[in-house]
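Here the structure comes first, spelled out in structure tokens, and everything after it is commentary.
Any read-out appearing in this document is the output of simple, stated calculations on the displayed coordinates, not a laboratory observation. The shown structure was predicted, so the numbers you read here are calculated from the model rather than taken from an experiment. Heads up, the Cβs are rebuilt from the backbone with ideal geometry, glycines too, and the neighbour counts pull from every protein chain shown.
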Amino acid sequence: MGVVAKRLSRALWSAAFSSSACASTISRALSTCIQSKNCPYNQSLFASAWSATQRRGVKSRGSDLKPGNVIEKKGRIYQVVKAQHTTQGRGGAIIQVELRDVDSGSKSNERIRTDETVEKVFVTEKSFTYLYTDEETGNIVLMEPETYEQLDVPKHLFGECYVYLQDDMEVHVQLYDERAMSASIPKRVTCTVAESEIPMRASATPQYKKVLLDNGLTVQVPKHVVEGDRIIVNTTNHSYVSRA
């Protein structure tokens, strides 16, 4: 079934772009198939609007790489974590990239010429609801809110932000061929102060102190914040934003 689906996907992709009239016909056929419960590829191939294009990559130049891009290199899938353009004397311009292996989570640094051809991978982003963390596997268990289907996502895809996960929190996952590529949480999350230091003596300059949050993180907050307060934290840099 998987092989047939991939062949059909490639055929549809080629046909859809051969002419505008054919594209319209293909679009109507796909819509009918998606809505039909008897369509054998309803769940696997046409479950999302981008699933057909996810089977193929697009050729691009190294100079076009940006953080968040997903590429295929030597038969493995990587996500670009960092990308910095540099000039290397007579060698011309290059781009220094930090890549994260989607399967293993390991990171590596590589130099890519700006005119070098790289193959980007199409991904689709979907919203999920956090359910729980599986203590045995270490995976984060999410639920698709419309179908109630569950998805296991490796913890490392959330990076350091996994500690902010809360019951029923909405998260976003990038998928390729039904595999999770990356995951993200809201930029601002409400946390509860579990422990608070006694503030230092009064001073003319604004003072901050360290507090321990209910998720185990320690952050700097204004001295007026006390134990039990609910505060809003910026999850990108773990900084205090305001009281909730």
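A simple spin-label model places pseudo-atoms 7 Å from Cα toward Cβ; at Thr137 and Ser108 they are separated by 2.6 nm.
Here the calculated FRET efficiency for Lys223 and Lys82, from their Cβ-Cβ distance with R0 = 30 Å, stands at 0.25, rounded to the nearest 0.05. Taken along the Cα-to-beta-carbon direction at a fixed 7 Å, the label points for Glu178 and Asn237 span 4.2 nm.
Between Tyr208 and Thr129, residue separation times 0.36 nm minus the direct Cα-Cα distance comes to 25.0 nm.
Here the extension length gained between Lys155 and Ser60 equals 31.2 nm, from 0.36 nm per residue of separation less the Cα-Cα distance.
Amide H contacts for Lys82 (H built 1.01 Å from N in the peptide plane; partners 5 or more residues away or on another chain; cut-off under 5 Å): Glu98.
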